[in-house]
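The values are calculated or read from the model by the stated rules, or taken from the named source; none is laboratory data. Keep in mind it's a predicted model, so treat the numbers as computed, not measured. We place every Cβ from the backbone using ideal geometry, glycine too, and count neighbours over all the protein chains shown. Accessible surface areas use protein heavy atoms only, side chains included; no ligands, DNA or RNA. Shrake-Rupley method; radii C 1.70, N 1.55, O 1.52, S 1.80 Å.
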Amino acid sequence: QLQLVESGGGLVQPGGSLRLSCAASGFTLHYYAIGWFRQAPGKEREGVLCISQSDGSTYYADSVKGRFTISTDNAKNTVYLQMNGLKPEDTAVYYCAAPRPLRRLCPPTTGWAQQDYWGQGTQVTVSS
């Protein structure tokens with residue numbers, strides 16, 4: 001069974017940093033496209049970034065470009081989202097996801113759906 005588990009969320013002051021983890025089981029994570037999303041209270045899901053393993057290209061939302069970066073640890077089958085310069089508007093539940101069926105190319109930002117593989121999310125709260 002394919003599973004994605006996010007961790008690393010928490011409460012941080014504005015300007016602070018967090019590193020989120022997305023650990024995979026049931027497949028080799030770094031072979032495939034992985035996306036990060038977030039959903040704030042009362043708002044729709046928002047795409048944060050996606051890494052295409054076909055060529056390593058990473059696509060960032062304008063709102064996080066220059067502040068968020070992605071990296072992988074093949075030995076741990078884990079992808080990390082490093083979030084720096086956090087702002088209150090970054091407050092949300094953060095999810096990682098993989099396309100279903102698995103593929104190396106990132107779908108369009110609007111191309112993700114409920115039938116894709118999703119983690120349970122981790123809460124990020126940015127507040128003083």
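Quick notes on this one:
- Note that the chain, at 25 °C in a medium of 0.890 mPa s, gets a Stokes-Einstein diffusion coefficient of 170 µm²/s from its Kirkwood radius over C-alpha pairs.
- Accessible area expressed per residue, the range 68-128, with surrounding protein chains retained (probe 1.4 Å, Å²): 53
- For the range 1-66: accessible area per residue (Å², 1.4 Å): 53
- Hits among aspartates and glutamates - C-alpha to C-alpha of Lys76 under 14 Å, sequence gap 8 or more where chains match: Glu6
- With a Förster radius of 22 Å applied to the beta-carbon distance between Lys43 and Asp116, the computed FRET efficiency rounds to 0.65.
- Hits among aspartates and glutamates - C-alpha to C-alpha of Lys87 under 19 Å, sequence gap 8 or more where chains match: Glu44, Glu46, Asp62
- Span from the the range 56-128 Cα centroid across to the the range 8-27 one, whole angstrom: 10
- Taking the protein heavy atoms of the range 31-128 in the context of the full set of protein chains, the accessible area attributed to carbon and sulfur is 46 percent at 1.4 Å.
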